[in-house]
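One structure is given below, encoded as structure tokens.
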Amino acid sequence: MTEVRLALVGAGRLGALHAQKCAQQPGARLRYVVDVNAARAQRVAAGAAAAILADYRELKGRVEAAIVAAPSLLHHEIARYLLEEGIDVLLEKPMAATVEQARDLAAVAERAGRILQIGHLERFNPAVVHARSLLSRPRFTECYRLSPFTERGIDVDVVLDLMVHDLDVVLSMTASEVVSVEALGVAVLTDRIDLANARLRFADGLIANFSASRVAARRERKIRFFQPDAYISLDYQARSISVYRKGEPPPDSRWPQIVVEQLEMGDADPLAEQLAAFVDSVRSRRRPPVDARDGLRVMEAIERIRKAVEVSTADTVGENPGVACG
């Protein structure tokens, strides 16, 4: 294969960003942009000199690989068709709307012998990449992903929209199984959960607390790890890490000092790195860094969180029949 022929399905805000990275990716070329909105497709395609199509089914036989950045509720339908037609897929998060759909996509990709990479972008954040080298059996982690309200992503709940990122990061850092889940969720502005908190306990003793809100006053993207020898705080947005460790006591004290190390990861382009990894997997047929099994593991955790939210909501309504939690 000399040049990977790519298609982009979905010409929204994220699709436009993908198209820009495709134009800069050696060894691949964006040939088609697919969107039901022709004007939107044309705007995105113009920068890459790509043709436009209105129906993803027209891609059959025309490309080797496709990026699916369509609305979340369409991920299963579109990705399934492309995989069955022999097209490798980079599928934006969330992998699907339900765990059953995710399982189906994983099975189809396996059966068809296709690459299915899931777009969990934080895996390519340089701060996350470096943090892996600092972790040594963390006992507790807490994640905060907060955003002011926008109309983007409201076709799914906040767990699929925002919390999904941190779930993938934490799950990628432990092979241990989730043994218990507690969760609460509230619909504030939409008819879906807009604010959620989940607490996951793993078989190895790790406890992870996740907070996600799309109705917050400010934007925040942070994750903290607590382990016996250090406290590690990671800022996704700033791409920086603060490491707190116990140092030697000062001469006039019996208590250790807290020594802080600040690490700046510098400039990086996670979206370009993600695309490069996908193109490499398409060409080499090697497992992508975030494959269907990774995506399915996240979806299984999300399913358990949703069920825990349902239980907590039912319990609250049972205690106070006059209150609905949404």
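The values are calculated or read from the model by the stated rules, or taken from the named source; none is laboratory data. From a predicted model like this one, the values you see are computed outputs, not experimental measurements. When we count neighbours, we look across all protein chains shown, and the Cβ atoms used for this are built from the backbone with ideal geometry, even at glycine. Ligands, DNA and RNA are excluded from the accessible area calculation, which covers all protein heavy atoms including side chains. Shrake-Rupley method; radii C 1.70, N 1.55, O 1.52, S 1.80 Å.
Taking region 1-27, which residues are in contact with a Lys or Arg (Cβ under 8 Å, 6 or more places away or on another chain), among the hydrophobic types (A, V, I, L, M, F, W, C) and modelled with pLDDT of 95 or more?
If the condition is that a residue be in contact with a Lys or Arg (Cβ under 8 Å, 6 or more places away or on another chain), among the hydrophobic types (A, V, I, L, M, F, W, C) and modelled with pLDDT of 95 or more, then VAL4, LEU6, ALA7, ALA11, ALA16, CYS22 are the ones that fit.
Could you please find all residues in region 246-274 being loosely packed, with under 10 Cβ neighbours inside 10 Å and touching a strand residue (DSSP E or B) at 6+ places or on another chain (Cβ under 8 Å)?
Once the filter is applied, which keeps residues that are loosely packed, with under 10 Cβ neighbours inside 10 Å and touching a strand residue (DSSP E or B) at 6+ places or on another chain (Cβ under 8 Å), region 246-274 yields only GLN262.
Is there a residue in region 72-92 that is in a strand (DSSP E or B), free of Cβ contacts under 8 Å to residues at least 24 places away in the same chain and open to solvent by 10 Å² or more (accessible area, probe 1.4 Å)? Let's see the steps before the verdict.
Within region 72-92, the subset in a strand (DSSP E or B) is 88-92.
Still in the running and free of Cβ contacts under 8 Å to residues at least 24 places away in the same chain: none.
So far as region 72-92 goes, no, none of its residues is in a strand (DSSP E or B), free of Cβ contacts under 8 Å to residues at least 24 places away in the same chain and open to solvent by 10 Å² or more (accessible area, probe 1.4 Å).
Determine which member of the set ARG40, ARG29, ARG57 is of a type in the set (D, E, K, R) and in a strand (DSSP E or B). Can you show your working first?
Numbers: ARG40 fails: in a strand (DSSP E or B); ARG57 fails: in a strand (DSSP E or B).
None of the other options fit; the residue is ARG29.
List the number of the failed condition for LEU296; all other conditions in (1) closer than 23 Å to SER233 by Cα; (2) touching a helix residue (DSSP H, G or I) at 6+ places or on another chain (Cβ under 9 Å); (3) at pLDDT 95 or above hold.
Among (1) closer than 23 Å to SER233 by Cα; (2) touching a helix residue (DSSP H, G or I) at 6+ places or on another chain (Cβ under 9 Å); (3) at pLDDT 95 or above, LEU296 violates only (1).
Going through region 113-139 one residue at a time, which ones are in contact (Cβ under 8 Å) with a residue 24 or more places away in the chain, surrounded by fewer than 17 Cβ atoms within 10 Å (Cβ to Cβ) and over 21 Å from the mean Cα position of the chain (by Cα)?
Once the filter is applied, which keeps residues that are in contact (Cβ under 8 Å) with a residue 24 or more places away in the chain, surrounded by fewer than 17 Cβ atoms within 10 Å (Cβ to Cβ) and over 21 Å from the mean Cα position of the chain (by Cα), region 113-139 yields SER136, ARG137, ARG139.
With the requirement that a residue be in a helix (DSSP H, G or I) and either surrounded by fewer than 23 Cβ atoms within 10 Å (Cβ to Cβ) or without any contact (Cβ under 8 Å) to a residue 24 or more places away in the chain (or both), what does region 280-296 give you? Write out each step before concluding.
So the first thing to find is which residues in region 280-296 are in a helix (DSSP H, G or I), and the list is 280-284, 292-296.
Listed by number, the residues that qualify are ASP280, SER281, ARG283, SER284, ARG293, ASP294, LEU296.
Taking interchain pairs and intrachain pairs at least six residues apart, which have beta carbon atoms under 7 angstrom, with the first residue in region 24-44 and on the phi > 0 side of the Ramachandran plot and the second modelled with pLDDT of 95 or more?
So the pair list comes out as GLY27/VAL4; GLY27/VAL279; GLY27/ARG283.
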